[in-house]
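Each remark here refers to the structure printed beneath this line.
The values are calculated or read from the model by the stated rules, or taken from the named source; none is laboratory data. The model shown is predicted, which means the values in this text are computed figures rather than measured ones. Neighbour counts are summed over all protein chains in view; Cβ atoms, including those assigned to glycine, are modelled from backbone coordinates with ideal geometry. Just the protein is used for accessible areas: all its heavy atoms, side chains included, with ligands, DNA and RNA removed. Shrake-Rupley method; radii C 1.70, N 1.55, O 1.52, S 1.80 Å.
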Amino acid sequence: MIRLSLACLVLAACAHAPVAPTASTAIAFVDATVVTSGRASPHQTVVVDGDRIVSVGTGVAPAGARVIAASGKYLVPGFSDMHVHLPESQADIDRVLDLSLACGVTTIRSMQGKPSHLEARKRARVAPDLVLAGPPVTDALTPEQGRALVREQKAAGYDLIKIIGGLDRAAYDAIVAEAAAQHIPVVGHVPPAIGLDAALAAKQLTIEHVQGYARDDDALLADQVRRTVAAGVWNCPTLDFYTVALGSRDHLAERDGMAYATDDERSAPASPPPADGEARLAKVVHVVAALHAGGAPLLVGSDTPDNFAVPGFGYVEEMRALAHAGLAPGDVLRAATENAAASLGRPGDGKIVAGARADLVLLDRDPLTSVDNLTHPDGVMVKGHWLARADLDALLARHARPR
């Protein structure tokens, strides 16, 4: 089969034509420091064929493999942005995918489903993998309506049922029970009418925005953390959302990625930060720190696009926010990779081991010494395709906007 060059891929994408993945020969990352599961292993050769890792070790590249020289560089698993709101139009979806990929994001969990997202996933394109929640549950439903909604979203092809609010306990329980029968996870908010106790008892797969956790009672919070661990529930804090909504906005317009921001993303939220915003933000950070210290697993989600939160670059800001909450760089990396894969039911992925998905990010600085070293990839491997730094810059250039 004829193998398209990356130059052809970029040209095709610039013309807004879908890019079809093609069969690839083996690719070998030679003399890399592999960082996975919190450990760094220097002088490794990682061989990839198609979208899977074939081998990891100290050997040489196999004959005929395309060699990526990685001496002095660090190879980590691709990042998963676990809280994104994909837009509706295909052009706007493509923008989110391109900007995210340029920042090392190889999997996106979209949290507000639309039919166009299902269509986007069907297109052959070099882009992050899409995991799709259906249209969120926001209205009051009877238990039977809730069960029907689960069946409809499962049949449509969505991967997750997302709860936001509007439900009473009977409808929530019906949705959880039907979702279990249909083998589709329930994720989302913790509505006040439901409460954290019920969400934990239901083993809701993920809780977004650390909703429902005590912010003024450390004894209660400690008990909630313990029960979260016992229930096996994941938390996606979206700390950067709180940073923008509650904290100082003095320097937000100077963030990385604003050269690619839409007018909405360059705008401040409609409501100014509350007078006690910094104190409220500190309480949210305290909850996240308590969850981490107590062993409750965390995910990294950007909640982009949003005010001062550009796709891809907002993910980097979320990494920094988690580091500010007390996570070591290796913990942030684990949350962005291994934790994400496990929460998606892919426990063999999110690692650099033979047989794992070959979503990879090559970095020129040690990711275990600073979370900032996870930014600005030297290259990204996704769906069997290697994109060097020049290719990532081409993705960014496609969406540059005058400031």
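Please return the ranges of helices (runs of 4 or more DSSP H) entirely within segment 151-237 where 3 or more residues are out of contact with any Phe, Trp or Tyr (no Cβ under 9 Å at 6 or more places or on another chain) and over 21 Å from residue 293 (Cβ atoms).
169-182, 195-201
Of all residues being aliphatic (A, V, I, L, M) and touching a helix residue (DSSP H, G or I) at 6+ places or on another chain (Cβ under 9 Å) in segment 247-266, which is surrounded by the fewest Cβ atoms within 10 Å (Cβ to Cβ)? Just the residue, please.
Among those residues, the one meeting the criterion is 259.
For residue 367, only one of the following conditions fails: (1) closer than 26 Å to residue 65 by Cα; (2) modelled with pLDDT of 95 or more. What is its number?
Against the list (1) closer than 26 Å to residue 65 by Cα; (2) modelled with pLDDT of 95 or more, residue 367 comes up short only on (1).
Would you mind finding the one in 319, 381 that is in a strand (DSSP E or B) and under 29 Å from residue 265 (Cα atoms)?
Residue meeting the stated conditions: 381.
Can you find, within segment 322-331, the residue that is farthest from residue 40 (Cα to Cα) among those that are open to solvent by 40 Å² or more (accessible area, probe 1.4 Å) and assigned to a loop (DSSP other than H, G, I, E, B)?
Applying the filter and picking the extreme gives 326.
Does segment 172-179 contain any residue that is closer than 23 Å to residue 262 by Cα, hydroxyl-bearing (Ser, Thr, Tyr) and either in contact (Cβ under 8 Å) with a residue 60 or more places away in the chain or buried (at least 22 other Cβ atoms within 10 Å of the Cβ) (or both)?
No, segment 172-179 contains no residue that is closer than 23 Å to residue 262 by Cα, hydroxyl-bearing (Ser, Thr, Tyr) and either in contact (Cβ under 8 Å) with a residue 60 or more places away in the chain or buried (at least 22 other Cβ atoms within 10 Å of the Cβ) (or both).
Give the residues of segment 50-71 that are among the small types (Gly, Ala, Ser) and either modelled with pLDDT under 95 or in a loop (DSSP other than H, G, I, E, B) (or both), sorted by residue number.
50, 59, 61, 63, 64, 65, 70, 71
If a residue must be part of a helix (DSSP H, G or I) and either open to solvent by less than 20 Å² (accessible area, probe 1.4 Å) or without any contact (Cβ under 8 Å) to a residue 12 or more places away in the chain (or both), how many such residues does segment 282-316 contain?
Total satisfying the criteria: 8.
Report, by residue number, each residue of segment 64-104 that is among the hydroxyl-bearing types (Ser, Thr, Tyr) and either in contact with an Asp or Glu (Cβ under 7 Å, 6 or more places away or on another chain) or under 19 Å from residue 338 (Cβ atoms) (or both). Spell out the reasoning first.
Pass one, segment 64-104, residues among the hydroxyl-bearing types (Ser, Thr, Tyr): 71, 74, 80, 89, 100.
Once the filter is applied, which keeps residues that are among the hydroxyl-bearing types (Ser, Thr, Tyr) and either in contact with an Asp or Glu (Cβ under 7 Å, 6 or more places away or on another chain) or under 19 Å from residue 338 (Cβ atoms) (or both), segment 64-104 yields 71, 74, 80, 100.
Take the residues of segment 60-95 that are hydroxyl-bearing (Ser, Thr, Tyr) and open to solvent by 40 Å² or more (accessible area, probe 1.4 Å): which is nearest to residue 125 (Cα to Cα)?
Looking at residues that are hydroxyl-bearing (Ser, Thr, Tyr) and open to solvent by 40 Å² or more (accessible area, probe 1.4 Å), I get 89.
Scan segment 218-230 and tell me whether some residue there is crowded, with 20+ Cβ neighbours inside 10 Å and closer than 26 Å to residue 306 by Cα.
Looking through segment 218-230, none of the residues is crowded, with 20+ Cβ neighbours inside 10 Å and closer than 26 Å to residue 306 by Cα.
Name the single residue, out of those in segment 332-353 being assigned to a helix (DSSP H, G or I) and among the β-branched types (Val, Ile, Thr), that is surrounded by the most Cβ atoms within 10 Å (Cβ to Cβ).
Checking each candidate, the answer is 337.
Surrounded by 19 or more Cβ atoms within 10 Å (Cβ to Cβ) and either at pLDDT below 95 or not hydrophobic (A, V, I, L, M, F, W, C) (or both): does that describe residue 209? Outline the logic, then answer.
On the way: surrounded by 19 or more Cβ atoms within 10 Å (Cβ to Cβ): yes; either at pLDDT below 95 or not hydrophobic (A, V, I, L, M, F, W, C) (or both): yes.
It is true that residue 209 is surrounded by 19 or more Cβ atoms within 10 Å (Cβ to Cβ) and either at pLDDT below 95 or not hydrophobic (A, V, I, L, M, F, W, C) (or both).
State which residue pairs qualify: first residue under 25 Å from residue 394 (Cα atoms) and inside segment 365-379, second residue among the small types (Gly, Ala, Ser) and in a loop (DSSP other than H, G, I, E, B) in any location, beta carbons under 7 Å apart, and separation of 6 or more residues or different chains.
So the pair list comes out as 377/104.
Being of a type in the set (A, V, I, L, M, F, W, C), in a loop (DSSP other than H, G, I, E, B) and either modelled with pLDDT of 95 or more or within 21 Å of residue 384 (Cβ to Cβ) (or both): is that true of residue 86 here? Can you show your working first?
Details: of a type in the set (A, V, I, L, M, F, W, C): yes; in a loop (DSSP other than H, G, I, E, B): yes; either modelled with pLDDT of 95 or more or within 21 Å of residue 384 (Cβ to Cβ) (or both): yes.
Against the criterion (of a type in the set (A, V, I, L, M, F, W, C), in a loop (DSSP other than H, G, I, E, B) and either modelled with pLDDT of 95 or more or within 21 Å of residue 384 (Cβ to Cβ) (or both)), residue 86 qualifies.
Return yes or no: is residue 217 charged (D, E, K, R) and closer than 22 Å to residue 165 by Cβ?
No.
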